[in-house]
Amino acid sequence: MMVKPFEDAVVAAKVGEVTGPVKTDFGYHLILVKETRVAEQPTLDQLRDELASVVENAAITAKIDTLTKEATVTREGEKLDPAILKNSALID
């Protein structure tokens, strides 16, 4: 996995030529593509676990977002005067 500007530069690069500089969140890069290969497309069985994980994570995120939007948060002591904390008589 590559960040978008880096990936775009790699895809556009010609074999044997230096490309760049390319700026990413990680700095500046010079890219040299030495060779290209055609990758075999994975089968559904090879991707099944990864896809299930993506779907599961999306469902969990959606549920958390729903619960967060519907939640009412109260913070006891929010209006507490910080000067009270300096009162050592309250420790006993």
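The largest-to-smallest principal axis extents of the Cα set in the chain are 77, 38, 24 Å. Counting only Cα atoms, the size of segment 1-43 along its three principal axes is 35, 23, 12 Å, in decreasing order.
Taking the 0 to 90 degree range and rounding to the nearest ten, how far is the long axis of helix 44-70 tilted relative to the main principal axis of the chain, both from C-alpha atoms? Value to nearest ten degrees: 30. Simple spin-label estimate for residue 24 and residue 89 gives 6.3 nm between the two label positions (7 Å along the Cα-to-Cβ direction from each Cα).
Structure remark: mean-square fluctuation, Gaussian network model of the chain, C-alpha springs under 10 Å; the largest value among 47, 30, 67 belongs to 30. Measuring nothing but alpha carbons in segment 50-92 and taking Rh as the Kirkwood radius, the Rg to Rh ratio lands at 1.45. Within the shell of other residues whose beta carbon sits under 13 angstrom from the beta carbon of residue 15, the net charge comes to +1, with Lys and Arg scored +1 and Asp and Glu -1.
FYI, it's all coordinate maths here, none of it is from the lab. All of these numbers come straight from a predicted model, not from anything done at the bench. Using ideal geometry, Cβ is built from the backbone for each residue, glycine included, and neighbour counts are taken over all protein chains shown.
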